[in-house]
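Notes for the one structure printed next.
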Amino acid sequence: ALQRTFSIIKPDATRRNLTGAVTKMLEEAGLRVVASKRIHMTKEQAEGFYGVHRERPFFGDLVSFMMSGPVVVQVLEGEDAVAKNREVMGATNPANAEEGTIRKALAESIEANTVHGSDSLENAKIEIDFFFKPEEIVG
Ligand code: CMP
């Protein structure tokens with residue numbers, strides 16, 4: 001089915017001028033960018049967005065990293081977009097990511113792993129609503 005999912009191009013990627021390279025790989029995987037904006041996350045946004053990870057040992061570092069530079073938040077649309085996006089991203093830890101994936105090609109570490117993508121359709125909706133107003137999404 002036609003779905004929308006939420007993606008973040010993380011600070012390690014914007015720092016290395018890889019916004020286009022990442023977006024190209026997303027597009028080549030069959031995903032369409034229907035909303036996109038470059039933002040500098042506030043502490044409130046980073047902590048709120050990653051709220052489910054609040055108790056994890058890496059939470060503080062993760063929040064700092066996500067505020068360490070600009071990010072590009074995007075809404076991606078396509079057939080089975082949630083699964084398609086997760087496939088092209090590759091494993092969270094780039095050391096475990098498959099050949100041909102964004103994280104295998106570009107990620108620096110498990111923290112500086114270049115992209116975020118929603119892990120379910122339910123979370124995709126929550127994450128899209130966290131960063132975008134309906135009128136900012138143009139399908
Ligand atoms: P993301 O898909 O954005 O969701 C949570 C993020 O936490 C994850 O990608 C990683 O960038 C980051 N992270 C840092 N350390 C770890 C870890 N040990 N396990 C899982 N995620 C981690």
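State, as an integer percentage, the relative contact order of the chain based on alpha-carbon contacts under 8 Å between residues 6 or more apart. After rounding, I find 38 percent. Listed values for segment 40-47 are Karplus-derived 3J(HN,Hα) couplings in whole Hz (6.51 cos²θ - 1.76 cosθ + 1.60, θ = phi - 60°), namely 9, 5, 7, 4, 4, 5, 5, 5, and x replaces Gly and Pro. What residues of segment 1-15 lie in the reach of a label at His53, counting those whose backbone N is under 18 Å from a point 7 Å from the Cα along Cα→Cβ? In segment 1-15, the label zone of His53 (backbone N under 18 Å from the point 7 Å along Cα→Cβ) covers 6-15. Taking label positions 7 Å along the Cα-Cβ direction at both Asp119 and Val33, the computed distance is 2.6 nm, reported to one decimal. The Cα atoms of segment 40-139 give a gyration tensor whose axes a ≥ b ≥ c have a/c of 1.5 or more with a/b no greater than b/c, which makes the shape oblate.
Which whole-angstrom value gives the distance between the alpha carbon centres of segment 106-139 and segment 1-60? One Cα centre to the other: 5 Å.
Figure legend: label point modelled 7 angstrom from the Cα of Lys133 along Cα→Cβ; residues of segment 33-65 with amide N under 17 Å from it are 35-39.
For segment 29-139, the solvent-accessible area with a 1.4 angstrom probe is 54 square angstrom per residue.
Other residues with beta-carbon under 15 Å from the beta-carbon of Tyr50 carry, at +1 per Lys or Arg and -1 per Asp or Glu, a net charge of -3.
The share of accessible area on the chain that comes from carbon and sulfur is 50 percent, using a 1.4 angstrom probe. So, R0 is 30 Å and r is the distance between the beta-carbons of Ser109 and Ala1; what FRET efficiency does that work out to, to 0.05? The pair Ser109/Ala1 has a calculated efficiency of 0.30.
The values are calculated or read from the model by the stated rules, or taken from the named source; none is laboratory data. Since we're looking at a predicted model, the values are computed, not measured. FYI the Cβ positions are ideal-geometry reconstructions off the backbone, even for glycines, and counts take in every protein chain you see. For the accessible areas, the whole protein counts, side chains as well, though only heavy atoms, and no ligand, DNA or RNA atoms are used. Shrake-Rupley method; radii C 1.70, N 1.55, O 1.52, S 1.80 Å.
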